[in-house]
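This report concerns only the one structure given below.
The values are calculated or read from the model by the stated rules, or taken from the named source; none is laboratory data. Remember, predicted model here, so these are calculated numbers, not experimental data. Don't worry about glycine lacking a Cβ; one is built from the backbone with ideal geometry, like all the others, and counts go over all protein chains shown. Please note that ligands, DNA and RNA were not included when accessible areas were found on the heavy atoms of the full protein model with its side chains. Shrake-Rupley method; radii C 1.70, N 1.55, O 1.52, S 1.80 Å.
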Amino acid sequence: MAEGGEPVDTGATPTDPPPTSTSSSTDEPTVKSPVREDDPKGSELENDGSVEEEEGWDQEYERVKDKPCRVTELEVKGFQRTKPDVVGRELEEVRNATNLDEVKDELVKVIEAFEEMEVFKEIDVSLVEPLEDTPESCRVEFLVEEWPIFHGKASTFVQRNQGGVEGYLGIRNYFGRAERFRLSAECGSERSTEYALEYFKPRVKGLPWSFDTRIFNNHHSCLTYSSFVEKLRGVSVGLRSSGGMHSLRYELGWQHIIDPTNLASQPIQNQLGHKLRSAVSYTFLYNEIHPMIARPQSGFAARWHSELGGLHPSSQVSKYMKHRGDAEVAWPILPWASVSLSVAAGVMLPVGEGYMNKTTNISDRFFLGGIDSLRGFKYRGCGPSAPCRTVPDEEGRRRPEQQRRDTLGGDLLSALTCSLNFDLPGTAFKYAGIYGHVFCNVGNTMPLTGTNLSLKQSIRDFSSTYRSSAGLGLVWPTGWGTLEVNYVLPITHSPHDRLHQGLQLGFAAKVFHS
């Protein structure tokens, strides 16, 4: 291989393969239909409009795919900043292919690797007919176009219980090693902000793992459901496998929890102050729900997250372990309807002597309520809570009926959702991907430690205080989650839960998203 289009003879021995072509003009390269090298116009079969010719071409490929074929020349044109060895190491296995089908499979893997690197805007790959004196050889030609160095984006978002704006400015492949630098900012309507400087390196040393490091400054306001604001500054480093099935991350930061209202409940006041955050986490992700962005019709998805916190020798740093699992299964019952069942379970416990008398950090706990977890309740509006301090009125009286409550979250989580999903009549709904659903939600969360109750008693109370709701509505799926408009009726709840009976509009972010 050589830069600028100079062919390199690999010395391989050589069938007469029907040439194939793969192409991409976006960040997601795709494999296109074969191209006839003997056609002077280079017309593609998919543009010919003849089903018979396509079937004949497929039959011809099936006939010759297992015949001996070696790649003797690799010609690459179009890369300017990218270092030749970055491209070359992804092509090594192509040279080891021994027949046409193996060559095709290896080229598809190369396309996937280039897609993951996000270096090339356009990729064209073709197999060229061999010379008559070397019938068992072929030549691979690459034509690539790199993305510009500088790039950016600005957009609006809906996340948790707030909307906002976000944007970033980035530098891509400046040193030619497929690296990316990004400066990002996010501002929410509830006065939450996030700023970060990120470095990302895909396919480290040609391996199917990506490395990233991030310096961040977050200001997360929780005042809509509890009287505290979390400030977190720090750095994180992570490794992620290709496709995002496995990821490992370490985070080191300085956390500051404050009460800007001066009305926080006693449990929140006990959490105020500075803390060192040091935690390592592992995430497993599997998603075979089909289709990805539409009404779920079939498949299975699962996500597992484990976290170990307090990785510091000081006894002043709270040590804990946290685990959460999510799963969803969908199956069709009619051509226009399907059933989906999703479950979530989690547990969090302090680590060390006397752990039952310790309390967990409120920002790490599990919360329930809202479109994304338990419909029929306000965002993070169900579960344990505590009364805030009241402000005397003009006559010096305190009115308990006007007393606000802080949601406290829990150390134990359980939730289940069952939905009947169905297509809606009309081409407009079908074109937009909007579908209807009838659902039932059940869930609960509560603390396990620091309550003066035994673990057995806490679990018994947990099983007897489940919340539930049912309803129907419209769902608009997107690449980031679902926008829902529902009519919901809470069925069981506790006295201090914040209900949302009737029409409920909200956005639920994707759980099974890498």
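Do you know the relative contact order of segment 275-403, to the nearest whole percent, from alpha carbon pairs under 8 angstrom that are 6+ apart?
15 percent
Taking the Cα centre of the chain as the origin, how large is its charge dipole in debye, to the nearest 20, when only Lys and Arg (+1) and Asp and Glu (-1) carry charge on their Cβ atoms?
That gives the chain a dipole magnitude of about 4480 debye.
For Q80 and M292 in one chain, what is 0.36 nm times their gap in residues minus the Cα-Cα distance, to one decimal in nm? Before the final figure, lay out each step's value.
Working: separation 212, 0.36 × 212 = 76.32 nm, distance 3.55 nm.
Full extension of this stretch gives 72.8 nm more.
Contour minus end-to-end for L248 and D105, with contour as 0.36 nm per residue of separation and end-to-end as the Cα-Cα distance?
Numbers: separation 143, 0.36 × 143 = 51.48 nm, distance 2.92 nm.
The span from L248 to D105 would gain 48.6 nm if fully extended.
Using a 1.4 angstrom probe on the protein heavy atoms only, could you order D372, D133 from most to least accessible area?
Result, largest first: D133, D372.
Ordering L169, L232 by accessible area with a probe of 1.4 Å, largest first, what comes out?
Descending order: L169, L232.
Put a dot 7 Å past each Cα toward the Cβ at T193 and E353; how far apart are the dots in nm?
It is 4.5 nm.
Want the number for V329 to L455: 0.36 nm per residue separation, take away the alpha-carbon distance, what's left?
42.2 nm
Between H496 and L308, what FRET efficiency comes out of the Förster formula 1/(1 + (r/R0)^6) with R0 = 35 Å and r the beta carbon distance, rounded to 0.05?
Numbers: r = 33 Å, r/R0 = 0.93.
Given R0 = 35 Å and the Cβ-Cβ separation, E is 0.60.
Which whole-number percent gives the relative contact order of segment 161-220, counting Cα pairs below 8 Å spaced six or more residues apart?
So the answer I get is 27 percent.
Gap in Å between the Cα centre of segment 161-183 and the Cα centre of segment 193-233?
12 Å
Which order do you get for V339, V391, V329 if you rank them by accessible area with a 1.4 Å probe, largest at the top?
So the residues, ranked largest to smallest area, are V391, V329, V339.
If we sort 475-485, 378-388 on the protection proxy, mean other Cβ atoms within 10 Å, highest first, what's the order?
On the way: 475-485: 16.8, 378-388: 21.6.
In decreasing order of mean packing, 475-485, 378-388 become 378-388, 475-485.
In deg cm²/dmol and to the nearest 500, what is the mean residue ellipticity at 222 nm of the chain if only DSSP H runs of at least 4 residues count, each as -39500 (n - 2.57), divided by the residue total?
Using -39500 (n - 2.57) per qualifying helix, the result is -3500 deg cm²/dmol.
If you average the sequence gap of Cα pairs under 8 Å that are 6 or more apart and divide by the length of segment 389-514, what percent do you get for the contact order?
18 percent
Starting from the Cα gyration tensor of the chain, take the square roots of the eigenvalues, sort them a ≥ b ≥ c, and report rounded, prolate or oblate (rounded when a/c is under 1.5, otherwise prolate if a/b is larger than b/c, else oblate). Write out the running numbers ahead of the final one.
Working: a/c = 2.61, a/b = 1.89, b/c = 1.38.
The shape class here is prolate.
Kirkwood hydrodynamic radius of segment 272-399 from all distinct Cα pairs, in Å? Intermediate values should be presented prior to the final figure.
Details: mean 1/r = 0.0540 Å⁻¹.
Over segment 272-399, the inverse of the mean reciprocal pair distance is 18.5 Å.
Once the Cβ-Cβ distance between F181 and V204 is put in as r, and R0 is 25 Å, what FRET efficiency do you end up with, to the nearest 0.05?
So, using R0 = 25 Å, E works out to roughly 0.95.
Computing the accessible area with a 1.4 Å probe over protein heavy atoms, can you report the carbon and sulfur percentage for the chain?
Heavy-atom surface of the chain belonging to carbon and sulfur, 1.4 Å probe: 56 percent.
Can you list the lysines whose alpha carbon is less than 26 Å from that of K275, not counting same-chain residues fewer than 8 positions off?
Correct list for K275: K231, K319, K322, K358.
Just how much of K65 is accessible, in Å², when a 1.4 Å probe is used and the result is rounded to the nearest 10?
50 Å²
Report the antiparallel proportion of the DSSP beta bridges in the chain as a percent, rounded to a multiple of 5.
Details: 183 of 190 bridges.
Here the antiparallel bridges make up roughly 95 percent for the chain.
Calculate the dipole size of segment 448-514 relative to its Cα centre from +1 charges on Lys and Arg beta carbons and -1 charges on Asp and Glu beta carbons; express the result in debye to the nearest 20.
160 debye
Sort 304-315, 72-83, 360-371 by the packing proxy (mean of other Cβ within 10 Å over each peptide's residues), most packed first. Write out the running numbers ahead of the final one.
Details: 304-315: 14.6, 72-83: 18.1, 360-371: 22.5.
The packing order, highest mean first, is 360-371, 72-83, 304-315.
First check a/c for segment 197-343, with a ≥ b ≥ c the square roots of the eigenvalues of its C-alpha gyration tensor; if it is under 1.5, answer rounded, and if not, answer prolate when a/b is larger than b/c or oblate otherwise.
Taking the square roots of the gyration eigenvalues as a ≥ b ≥ c, segment 197-343 is oblate.
Calculate the length of the line joining the C-alpha centroid of segment 80-147 to that of segment 277-297, in whole Å.
31 Å
When the Cα centres of segment 425-496 and segment 328-372 are compared, how far apart do they sit, in Å?
11 Å
Is the shape of segment 357-497 rounded, prolate or oblate, going by the alpha carbon gyration tensor and its root eigenvalues a ≥ b ≥ c, with a/c under 1.5 for rounded and a/b larger than b/c for prolate?
prolate
Beta carbons within 10 angstrom, averaged per residue: use that to sort the peptides 273-286, 431-444, highest first.
Values: 273-286: 16.3, 431-444: 18.1.
Averaged packing, sorted descending, gives the order 431-444, 273-286.
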